[in-house]
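Worksheet: one structure, shown below.
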Amino acid sequence: MRVLYILWLRQLKRYFRSRARMVGSLGQPLLFLLALGFGFGPIYQKAGGGSYLQFLAPGVVAMGVLFTAMFSGIEVIWDKQFGFLKETLVAPVPRLTIMAGRTLGGATVATLQGLLVLALSAIAGFRPVSMALFPLALLFLFLIALLFTALGTALASVLDDMQGFQLIMNFLVMPVFFLSGALFPLGEAPGPLALVARLDPLAYGVDGLRGCLTGVSLFPLSLDLAVLAVLAAACLALGARLFSRIQI
């Protein structure tokens, strides 16, 4: 447990020491909030959809979590190249503990990033309909972060090239985000697109967040929660298996 805590704390220290990383990771969510929230807002309202910012904000919050969580895996490759990972792996502790500590640390960082984006959304004008479900929204944030941090760690465990990791991440992250219903209602999407979106794990995270923060969701919150929990557990198991095979 002590090793788990140390690795978790190390991830947090890395995040808070890099102010440029903290500020830079807020740039894209802020751009989406301002450019899309206010740019498409009048069109969305005229179409009878209400406030587009209210609809968009939960999706942008999920985007902030997604990008931070997935790219946390790059630290595994970084530590591989500079020998820090070797020092960690030779320690007399199970590799599962090491992987769990890194993943929980990355997921915590991604959750904090999501809360920062949520604060920016509130400044821009987003208002949750009720604070009663806010603790459940935090759980959705953490599950999204845990799922994609574990996935990023799993991919980084089998890659040694940082550029290759970034290319694969961009190839995965953008479709996952755009098909999640963060920018458009999945209930009104064409049949094939709606079917593909239902296979997107982030769609359940966005839907759960939107249901908790705005009271509007496509799926039952229990289904969103169950899907995220099962997928997070599966990615953790996959990440642990691949991480245990890293050669030092």
Check your understanding: How far apart, in nm, are two points set 7 Å out from the Cα along the Cα-to-Cβ line at Ser222 and at Gln45?
Key -> 3.8
Exercise for review: Give the peptides 117-130, 160-173, 195-208 in descending order of average Cβ contacts within 10 Å, highest first.
Suggested key: 195-208, 117-130, 160-173
Check your understanding: Which values of log₁₀ I(q)/I(0), to two decimal places, follow from the Debye formula for segment 199-248 at q = 0.18 Å⁻¹ with a uniform point scatterer at every Cα?
Key -> -0.59
**Study point:** Peptides ranked, highest mean first, by Cβ atoms within 10 Å: ranges 68-79, 219-230
**Key:** 68-79, 219-230
Point to revise | Virtual spin-label span in nm between Met174 and Arg245, 7 Å along Cα→Cβ | key: 2.9
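Could you tell me which of rounded, prolate or oblate describes segment 132-217, using a ≥ b ≥ c as the square roots of the eigenvalues of the alpha-carbon gyration tensor, with rounded for a/c under 1.5 and, failing that, prolate when a/b is larger than b/c and oblate otherwise?
Values: a/c = 3.21, a/b = 1.45, b/c = 2.22.
It comes out oblate by the Cα gyration axes.
Rule-based calculations on the coordinates, nothing more; no lab input. Treat the numbers as computed from the prediction; the structure is a model and nothing was measured. Positions of Cβ are backbone-derived with ideal geometry, glycine not excepted, and every protein chain shown enters the neighbour counts.
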